[in-house]
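Worksheet for the structure shown next.
Nothing in this text is a laboratory measurement; each read-out follows from the coordinates by a stated rule. Computed from a predicted model, the values in this text were never measured in an experiment. Glycine gets a Cβ as well: all are built from the backbone with ideal geometry, and neighbour counts include every protein chain shown.
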Amino acid sequence: MSTSITNSRPICTYPIPVSIQSKLSKAGFLTTGSVVNLRPSELSSSAEISLEDAADVLDLVRKPNGLFLETKTALEILREEQGNCPIVTMSQNIDNLLNGGVPLSKVTEISGIAGVGKTQLCLQLCVTVQMPEECGGLKGHAVFIDTEGSFNASRLQDMSQACIKHCRNSMNLAAENWNFASITENIFVFRCKEVTELLSCVMILKEFLKTHDQVKLIVIDSLAFHFRHDMENAALRSRVLHKIAAELVRIAVELKLAVVVTNQMTTKFDSKGQGHLTPALGTSWGHAPTFRIILDWDPSRNFRWATLIKSSSLPPGSAPYQVRP
Amino acid sequence: MNLLSESISPLLTSDKLELLKAHKILTSLDFVQYNNDKIANLIGQNVSEIIKIKDQILAANNSKSLRADKLYEIILKRTTIIKSGIDMVDKMLDGGIPSGRLVEVFGEPGSGKTQLALQLTANTALKQQQTVCYLTTSDANAERILEIMHCLQEDADHLNGLERIHFCYVNDVYQLMEMLWAPGMREYKLVVIDSLATLFLPIRGDSFNDAISLLNKVASDLKRLAVVHQCVVLTVNHVSRGPAEGTASTPTPFLGRYWCSVPNLTLHSKHLSKDEFQLTVVKNIYSPDPGPKCSFRYFFRSRVDVKNEFKSIYPHI
């Protein structure tokens, strides 16, 4: 019974290039059942496609439903998730808002107006991800993809020194190995000057991560920059943006690391002509990250607010925080 | 629709099949449509033999008719009603969603679509003890499901409920189709696809891929899944653009005009204020009342309590 169902599966549901699909359908091969018992040479001559293409098609079609075996029960996922330690942000309020910190295996978006401190938060995360486990860190490395040229090594130095001091004081940790030099060694910075560089960087990230398997955090600062300046064609921009989003989600889930993306703000006008600030890149993009945070100044300008506007598991809320040297 | 071969009739020997192929008669559909006399001349058979072969093909491919009362009995036996566990929502849906329906929920980002999907999943797995398949494009939120289960019923067997939910990450449309055609799908009473729109975003507007025909195929596969396997298929969709200035109408869902006619039940989800969410029935082909809505809250508990409580109840996880 199951084979007859699989045999009546249309060939067009397989990821076969359109040119080959049209040749196959012209030759009358419309369902899996019609090709599954053929040899590559027979298929190649009947459908007038090359031998390699015929072999590829048959491989695809004959694959046992291996994908189905990749389901996991919720219980297994829960067990895995319990072992996942989030990356602390060194601000108690923000950590409480996010139930512990920036979560692993998920994409988090941080938006805010220019100058509110998105890059600061990203640099902070690059440092805290490297904290030893005794201090609540992950002892992991970080990848920083810089599109605006905002990576600031001297600020990084301040933050690392503060973090090291905090760990030494609170945990009495000797940690001779953990100093500024080792922190900077474990942050990999990619500078992307245009959209194509950004796209290629994200696409080859998986290869890079194979050789650097201690990476636990990927930061893109900022994703919006090139898309807002370089790309005129809106349809192409949307496709590229979502391709990047899909790849980031795939990396986050498969390799169990945290992906943080920063976004700029844009003005949206409602029916009364009133403008209000919303994260840029559009509503379609808004569905891609699992967690979305907006950073903003408090009207008194003494401290800032972090607001959780979208999350899959946490109630929305706001947390005040400060940036200290 | 099969290729013509000797198995259909002993009269169709291989040289005759070659002759037919040369005239582009390759599948049984082509054969049945072609003129009887022309085929008879082509392969040197009597017209009556050709008619016999055609009848054979038609009989083999015919769908069997079923008496309506027998069909009704079958449906009664196999139907399950999927409930959400939130009273207001279930009341609005007249008790729940019966199996065999394709449901869509759409809304802006952060409007509670995934929450509804998780709520239905948790309730179905826990209270109705049915298996659920959750195909996700972004994340699999097991902790949230456990939280919902706790809020639904404190002292039930949550771990067993969790085992009945199967998560699967799908990254593109072809993976989704692979899952839909997998023979194991018949076991599930609820299949959730969160979200369908994300799968089509990278290929929309790209003439190379013809996203529209892919969407058609997915739509027909989803319908087939719901009707043949008698389960509920819930798809999550995005919005294409917000409502036009000043109008109170609902925004348009993302996947296009054709898709709007596919689901049996369409719900629009909206986030009203801090805790309040609103669900509006935009389309329901089984009900005469237009657009009932209801506002409600999803269950959330304080984060710190939840973590500690889970650690104490399930120390071995």
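From the backbone phi of segment A:105-118, what are the Karplus-calculated ³J(HN,Hα) couplings (6.51 cos²θ - 1.76 cosθ + 1.60, θ = phi - 60°) in whole Hz, Gly and Pro given as x?
Along segment A:105-118, the couplings run 6, 9, 9, 10, 10, 10, 10, x, 5, 4, x, 7, x, 5 Hz.
Calculated from DSSP H runs of 4 or more alone, at -39500 (n - 2.57) each and per residue, what is the 222 nm mean residue ellipticity of chain A, nearest 500?
My calculation for chain A gives -12500 deg cm²/dmol from helical runs alone.
Apply 1/(1 + (r/R0)^6) to the Cβ-Cβ distance of B:Glu163 and B:Lys274, taking R0 = 25 Å, and write down the FRET efficiency to the nearest 0.05.
Numbers: r = 34 Å, r/R0 = 1.36.
So the FRET efficiency works out to roughly 0.15.
Per the helix-only calculation at 222 nm, which mean residue ellipticity applies to chain B, given -39500 (n - 2.57) for every DSSP H run of n ≥ 4 and division by its residues, nearest 500 deg cm²/dmol?
Using -39500 (n - 2.57) per qualifying helix, the result is -12000 deg cm²/dmol.
Scanning chain A for trypsin sites (Lys or Arg not before Pro) in DSSP loops with at most 10 other Cβ atoms within 10 Å, what's the longest stretch left with none?
Values: sites that count: A:Lys272, A:Arg301.
With a cap of 10 other Cβ atoms within 10 Å, the longest stretch comes to A:1-271.
What do you get for the angle between helix B:303-313 and the principal long axis of chain B? Use alpha-carbon atoms, 0 to 90 degrees, nearest ten.
Taking the Cα atoms of chain B, the angle to B:303-313 is about 80 degrees.
Given the convex hull of the Cα atoms of segment A:119-228, what is a quarter of its surface area in nm²?
For the Cα atoms of segment A:119-228, the hull's average projected area reads 6.8 nm².
Starting from the Kirkwood radius over alpha-carbon pairs of chain B, derive D by Stokes-Einstein at 25 °C in a medium of 0.890 mPa s and give it in µm² s⁻¹.
The calculation lands on 108 µm²/s.
If you build the convex hull over the alpha carbons only and average its shadow over all orientations, what do you get for segment A:1-137? Give it in nm² to one decimal. Don't skip to the end; give the middle numbers.
Working: hull surface 57.9 nm².
Hull-based average projected area comes out at 14.5 nm².
Which order do B:Ile74, A:Ile244, A:Ile20 fall in if you start with the one that has the fewest other Cβ atoms within 10 Å?
Neighbour counts put them in this order, fewest first: B:Ile74, A:Ile20, A:Ile244.
Give me the Debye-computed log₁₀ of I(q)/I(0) at q = 0.06 Å⁻¹ for the protein assembly as shown, equal point scatterers on Cα only, no solvent, two decimals.
Ignoring solvent entirely, the Cα scatterers give -0.40.
DSSP beta bridges in the protein assembly as shown, what fraction antiparallel, as a percent rounded to 5?
Working: 37 of 85 bridges.
Restricted to the protein assembly as shown, the bridges split so that about 45 percent are antiparallel.
Below 15 angstrom from the Cβ of A:Lys23, what's the summed charge of the other residues (Lys, Arg +1; Asp, Glu -1)?
-2
So how long is each side of segment A:83-321 along the principal axes, counting just the alpha-carbon atoms, biggest first, in Å?
Rounded to whole Å, the extents work out to 59, 44, 34 Å.
Quick one: of the DSSP bridges fully inside chain A, what percent are antiparallel, nearest 5?
Percentage antiparallel, nearest 5: 40.
Please work out whether segment B:14-60 counts as rounded, prolate or oblate from its C-alpha gyration tensor, where a ≥ b ≥ c are the square roots of the eigenvalues and a/c under 1.5 means rounded, while otherwise a/b larger than b/c means prolate and anything else oblate?
Oblate is the answer for segment B:14-60, as a/c is 1.5 or above yet b/c matches or exceeds a/b.
Per residue, how much space in cubic angstrom lies within the convex hull of the C-alpha atoms of segment B:1-132? Write down the numbers at each step before the final one.
Working: hull volume 27.7 nm³, N = 132.
Normalising the Cα hull of segment B:1-132 by residue number yields 210 Å³.
Provide the FRET efficiency to the nearest 0.05 for the A:Lys243-A:Lys23 pair, computing r from the beta carbons and using R0 = 35 Å. Please report the intermediate quantities before stating the final value.
Values: r = 28 Å, r/R0 = 0.79.
Between A:Lys243 and A:Lys23 the formula returns 0.80.
Identify, among B:Tyr34, B:Tyr169, A:Ile110, the residue whose Cα sits farthest towards the positive end of the charge dipole of the protein assembly as shown, taking +1 on the Cβ of Lys and Arg and -1 on the Cβ of Asp and Glu, with the dipole about the Cα centre.
B:Tyr34
Give me the distance in nm between label points sitting 7 Å out from Cα along the Cα-to-Cβ direction at A:Arg301 and A:Lys206, one decimal.
4.9
What trypsin sites (Lys or Arg not before Pro) does segment B:10-62 have in DSSP loop regions with at most 15 other beta carbons within 10 Å?
Filter output for segment B:10-62: B:Lys24.
To test your reading of the geometry: what angle, between 0 and 90 degrees and rounded to tens, separates the Cα axis of helix A:153-171 from the longest principal axis of chain A?
70
I need to check one value: relative contact order of chain B, counting alpha carbon pairs closer than 8 Å and at least 6 residues apart, in percent.
Reported relative contact order: 19 percent.
Suppose we flag GluC sites (Glu not before Pro) only when DSSP calls them loop and at most 15 other Cβ atoms lie within 10 Å. Which is the longest uninterrupted stretch of chain B?
Between exposed loop sites, the widest span is B:7-153.
Mean projection of the alpha-carbon convex hull of segment A:62-151 over all orientations, in nm²?
9.1
Taking amide H positions as placed 1.01 Å from N in the peptide plane, with prolines and chain starts having none, which residues 5 or more places from B:Val192, or on another chain, fall under 5 Å of its amide H?
It is B:Cys133, B:Tyr134, B:Leu135, B:Leu234, by chain and number.
Which residue, chosen from A:Gly28, A:Ile16, A:Ser44, occupies the Cα position most advanced towards the positive end of the dipole of segment A:3-62, where the dipole is computed from +1 (Lys, Arg) and -1 (Asp, Glu) charges on Cβ about the Cα centre?
Farthest along the dipole direction, towards plus: A:Gly28.
Each residue of segment A:303-315 in order: what ³J(HN,Hα) in whole Hz does its phi give by Karplus 6.51 cos²θ - 1.76 cosθ + 1.60, θ = phi - 60°, with x for Gly and Pro?
8, 10, 10, 10, 10, 8, 9, 8, 8, 8, 9, 10, x
Binning at 5 angstrom from zero up to the longest distance, how are the C-alpha pair distances of segment B:110-217 distributed in percent?
2, 12, 22, 20, 17, 12, 8, 4, 2, 1, 0
What's the local net charge at B:Gln119, with K and R +1, D and E -1, over the other residues with C-beta under 13 Å away?
Residues close to B:Gln119 contribute a combined charge of +1.
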